Amino acid sequence: MAVSLLSHDISDLCLGKPAIRSISISATVADALSVLTRIDEGCISVWSCGDHSSEADSDLHCRCVGKVCMVDIICFLCRQENLLQPAIALRSPISVLIPLGLELVRHLEPHASLMEAIDLIRDGVHNLVIPINMSASKRRNFLETATSNSISSLHNDRQYCWLAPEDIIRYLLNSIGLFSPTAASPINSVNIIETSNILTVHYDDSALSILPLISQALIHQSSVAIVDLDDKLVGEISPFTLNFCDETLVAAIATLTAGELMAYIDCGGPPDDLVQLVKERLEEKNLEAVLEFVEEESSPISSSSSICSLSDDEFGCGSGRSWKIGGYSARVLRRSEAIVCHPWNSLVAVMIQALAHRVSYVWVIQEDGTLAGTVTFASMLAVFRDRLKSVG
């Protein structure tokens, strides 16, 4: 029965999870940018202590206070004052990227219950920080090699891993039969379609004007819907997609419309005509500092307008190409096409769809294409939490 899951410790979900990379709260935005371009992870954890490259530096009060990803840096650089002096903005402390008053990460002990983890995720926590058990010999070997590694993963003489909503959803999916018939019910019958506070903009709105919505979407682990004049969904600007671009995307956001930005970040790289348009508009807006910044940061490899195949769309264009403006990293990419479902689709089908596309939300549309709402991992977890509590 589903009640059997209540006896599981959160450590059951940590098997095989890699140690999270970390950076000190005393670092700068430029430091975070340098780390993010060197690792294959979507974000880096921020800790209240320094680099623990030796056992003597260990601080028992060292805590993870947040996380930083590429989209945080892009949004920060797109602020009006930073567009005028991007190089100076990069010297800002990393703390400017961490939202005030929001507890998006939480420490949790390995013996904590699955229900406790679900409650925290449902309350808005993005990542749970769980200690990883290390043998004495492994810890000794790690300390011997840590001095040559500028990206730390050891704190309080321990390593830690992330647990995200995706991990819990995948874990529950492995026991989905225990939640019958709820899992097979249409999503409109289990009250998980969120219809209020949906973030939408029109195709012709400026990309710069939607930055506050992108920041909200990042906090709520959702996305910004792009709709036409009939409120039909035509695409999205997703923090997930922006997270796999690089800092030179700032130039595109500062000059393009929402619809143009969709085409710009689509898998395969920006078309040459949009790249030229960005340069012209930067000059018109007297943002030569941004143009100099992105040309200095970008690779000399020329741009291309190649399109991904269907299989590339699913798994990403892992070519590691960089574009003159608005480059991509070598990590997994996804097109700006929105992932959608219908109100009559089952809960388990929507779960699988979100996991397959590596997103934490799915747009819900009516038969005519109009936007009806969204379903998030947090709302899905609420259903399982209620089910577990009812049988517990």
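Summary of values
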item	result
Residue identified as within 21 Å of the chain's Cα centre (by Cα), at pLDDT 85 or above, open to solvent by 10 Å² or more (accessible area, probe 1.4 Å) and closer than 22 Å to residue 208 by Cα among 263, 289, 252	263
Unmet criterion (only one of (1) more than 16 Å from the chain's Cα centre (by Cα); (2) surrounded by fewer than 20 Cβ atoms within 10 Å (Cβ to Cβ); (3) in contact (Cβ under 8 Å) with a residue 12 or more places away in the chain) for residue 226	(2)
Residues of the stretch 170-192 satisfying the condition of being assigned to a helix (DSSP H, G or I) and without any contact (Cβ under 8 Å) to a residue 60 or more places away in the chain	177, 189
The stretch 229-247, residues that are of a type in the set (D, E, K, R) and either open to solvent by 20 Å² or more (accessible area, probe 1.4 Å) or part of a loop (DSSP other than H, G, I, E, B) (or both)	230, 231, 232, 246
The stretch 266-284, residues that are crowded, with 22+ Cβ neighbours inside 10 Å and farther than 16 Å from residue 337 by Cα	278, 282
Close pairs from the stretch 193-206: first more than 15 Å from residue 236 (Cβ to Cβ) and in a strand (DSSP E or B), partner open to solvent by 70 Å² or more (accessible area, probe 1.4 Å) and modelled with pLDDT of 95 or more, Cβ under 9 Å, at least 6 apart	none
Subset tally (residues that are surrounded by 22 or more Cβ atoms within 10 Å (Cβ to Cβ) and either under 17 Å from residue 265 (Cβ atoms) or aromatic (Phe, Trp, Tyr) (or both)) for the stretch 187-209	1
Looking only at the stretch 76-107, and only at residues there that are touching a helix residue (DSSP H, G or I) at 6+ places or on another chain (Cβ under 6 Å) and part of a loop (DSSP other than H, G, I, E, B), the one that is nearest to residue 286 (Cα to Cα)	78
Test: residue in the stretch 371-386 that is assigned to a helix (DSSP H, G or I), open to solvent by 40 Å² or more (accessible area, probe 1.4 Å) and closer than 23 Å to residue 178 by Cα	yes
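The values are calculated or read from the model by the stated rules, or taken from the named source; none is laboratory data. Computed from a predicted model, the values in this text were never measured in an experiment. Counting neighbours? That spans all protein chains shown, and the Cβs are built from the backbone with ideal geometry, glycine included. Note: areas computed on protein heavy atoms with side chains; ligands, DNA, RNA excluded. Shrake-Rupley method; radii C 1.70, N 1.55, O 1.52, S 1.80 Å.
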